[in-house]
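Contents: one structure, followed by commentary.
The values are calculated or read from the model by the stated rules, or taken from the named source; none is laboratory data. Because the structure is a prediction, the values reported are computed rather than measured. We place every Cβ from the backbone using ideal geometry, glycine too, and count neighbours over all the protein chains shown. With ligands, DNA and RNA removed, areas are computed over all heavy atoms of the protein, side chains included. Shrake-Rupley method; radii C 1.70, N 1.55, O 1.52, S 1.80 Å.
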Amino acid sequence: SIKLFVHLIDSRHFNSKLDSEVREFLKSIKRDDQQILEVFTKGDKLNQKERSKLKKSFPNALLVSNLKKSGINEINLEIFKRVFL
């Protein structure tokens, strides 16, 4: 049984039509015992102004950068908490 959907979103294009459609689709199929976790990728590509804009639109945004390996531990912990606790 799926407990968690992880929606990966390019942080440079977080308002794309495709991501909005995916977000709405996940909401429409999600059961009450399931959760959606939105993870914004390529965080290293954002400057401070862009990062602030993202956080304003998505206050609980989880931001990762594979290149700089930032946010990976936080995402792993968040997934673990949501699936197992």
Task: Selection of trypsin sites (Lys or Arg not before Pro), the stretch 1-67, meeting DSSP coil and at most 12 other Cβ within 10 Å - done: LYS3, ARG31
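List, in the order given, every pair from LYS27/LYS49; LYS17/LYS69; LYS17/LYS81; LYS27/LYS56; LYS55/LYS81 whose Cα-Cα distance in the structure shown is over 26 Å. If you can, show how the numbers build up before the last one.
Details: LYS27/LYS49 29 Å; LYS17/LYS69 28 Å; LYS17/LYS81 30 Å; LYS27/LYS56 21 Å; LYS55/LYS81 22 Å.
Beyond 26 Å between Cα atoms: LYS27/LYS49; LYS17/LYS69; LYS17/LYS81.
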TODO: Taking 7 Å along the Cα-to-C-beta vector as the label spot, tell me the PHE84-GLU24 distance in nanometres, rounded to one decimal.
DONE: 3.7 nm
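Could you give the length gained on full extension between PHE58 and ARG12, defined as 0.36 nm per residue of separation minus the Cα-Cα distance, in nm?
Gain in length upon complete extension: 15.2 nm.
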Open item on the list: If amide hydrogens are placed 1.01 Å from N in the peptide plane, which non-local residues have theirs closer than 5 Å to the one on ASP10?
Closed with: THR41
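Roll a 1.4 angstrom probe over the protein heavy atoms and tell me the percent of accessible area of the chain that is carbon or sulfur.
Looking at the chain in its full context, I get 55 percent from C and S.
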Task: Alpha-carbon Debye profile of the chain, log10 I(q)/I(0) at 0.11, 0.17 Å⁻¹ - done: -0.31, -0.73
Task: Set of aspartates and glutamates near LYS68 by C-alpha distance (under 20 Å), chain-local residues within fewer than 8 positions excluded - done: ASP10, GLU38, ASP44, GLU50, GLU78
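With every protein chain present, what is the per residue accessible area of the chain (1.4 Å probe, Å²)?
Values: 6140 Å² over 85 residues.
For the chain, the per-residue accessible area is 72 Å².
Nearest 20 debye, what's the magnitude of the dipole of the stretch 1-65 about its Cα centre given +1 on Lys and Arg Cβ and -1 on Asp and Glu Cβ?
Numbers: 14 positive and 9 negative charges, 56 e Å.
With only Lys, Arg, Asp and Glu charged at Cβ, the dipole is about 260 debye.
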